[in-house]
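The structure under discussion appears below in the form of structure tokens.
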Amino acid sequence: MEHFLKIPRDRIGALIGPGGRVKREMEKRTGIRVDVESETGEVTIHYDSARDPALVLKVNDLVKAVGRGFSPQRAMRLLKDDQFFAVIDIQDYVGKKVDHVRRMRARVIGTGGKTRRVIEELSEAELSVYGDTVAIIGDPVSLDIARTAVDMILNGSEHSAVYSYLEHTRRERRLAELRPPEDRVKEEE
């Protein structure tokens, strides 16, 4: 059984790694064979030998993450059970005009990378802005917080409002972690 993907040609080297090191490590850690066509960017994931069917989805997300600009080391985080991947298409917010996409990409990155860095630090997720997309890796809560922050920016919210939202959610997360487990269970009911 096979699954096919395509990644940008300029990301093929990152997926394969120097001397094939990244590809070999991914295959070793997952037991799933991955073939990369270096001319076209076509990736074939052979999942007939998968030890765990969930790993097929993880490898699929890992390949997509590298294709969306994450370094292989950061993308390997997706092999953990509690880590997930999401992609936000900037064109869904501003259309296909190159100038609009470029402007929104710059808003997400911020001056000197500040906005992206703040989102990463306060949400505890990782972001990659590549082409027309913003990709996010994180646990379910971090992913949701980062996705909301990026959504706010792409919808035109002021950066200060986004930072306030991130600080507020971080404060709430920290307080929730300090409460005894039995109190957290009561709140969820």
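The values are calculated or read from the model by the stated rules, or taken from the named source; none is laboratory data. Keep in mind the model is a prediction, meaning the values are calculated, not measured. FYI the Cβ positions are ideal-geometry reconstructions off the backbone, even for glycines, and counts take in every protein chain you see.
More than 28 Å from residue 8 (Cβ to Cβ), out of contact with any strand residue (DSSP E or B) (no Cβ under 9 Å at 6 or more places or on another chain) and not assigned by TED's automatic domain parsing to the domain that holds residue 65: does that describe residue 163? Explain how you work it out, then say what you get.
Details: more than 28 Å from residue 8 (Cβ to Cβ): yes; out of contact with any strand residue (DSSP E or B) (no Cβ under 9 Å at 6 or more places or on another chain): yes; not assigned by TED's automatic domain parsing to the domain that holds residue 65: yes.
Taking the combined requirement at face value, the residue satisfies it.
Is it the case that some residue within region 139-153 is outside any helix (DSSP H, G or I) and within 20 Å of residue 26 (Cβ to Cβ)?
Checked against the condition, which is being outside any helix (DSSP H, G or I) and within 20 Å of residue 26 (Cβ to Cβ), region 139-153 yields no hits at all.
Looking at region 1-104, what strands (runs of 3 or more DSSP E) fall wholly within it and have at least 3 residues that are in contact (Cβ under 8 Å) with a residue 12 or more places away in the chain and closer than 26 Å to residue 125 by Cα?
In region 1-104, the matching strands (runs of 3 or more DSSP E) lie at 84-89.
For the subset of region 139-152 comprising residues that are of a type outside the set (Val, Ile, Thr) and surrounded by fewer than 24 Cβ atoms within 10 Å (Cβ to Cβ), which member is nearest to the chain's Cα centre (by Cα)?
143
Please enumerate the residues belonging to region 118-136 that are farther than 15 Å from residue 8 by Cβ and among the aliphatic types (A, V, I, L, M).
Filtering region 118-136 down to residues farther than 15 Å from residue 8 by Cβ leaves 118-127, 134, 136.
Answer for region 118-136, where residues must be farther than 15 Å from residue 8 by Cβ and among the aliphatic types (A, V, I, L, M): 118, 119, 122, 125, 127, 134, 136.
Under 7 Å between Cβ atoms, which residue pairs at least 6 apart in sequence (or on different chains) link something in region 166-181 that is in a helix (DSSP H, G or I) with a partner that is surrounded by 10 or more Cβ atoms within 10 Å (Cβ to Cβ) and among the small types (Gly, Ala, Ser)?
What qualifies is 166/123; 166/149.
List the number of the failed condition for residue 128; all other conditions in (1) farther than 30 Å from residue 52 by Cβ; (2) within 15 Å of the chain's Cα centre (by Cα); (3) not in a helix (DSSP H, G or I) hold.
Answer for residue 128: the failing condition is (1).
Would you pick out the residues in region 111-125 that are in contact with a Ser or Thr (Cβ under 7 Å, 6 or more places away or on another chain) and in a helix (DSSP H, G or I)? Break it down stepwise before answering.
Going through region 111-125, the residues in contact with a Ser or Thr (Cβ under 7 Å, 6 or more places away or on another chain) turn out to be 123-125.
Result: 123, single match.
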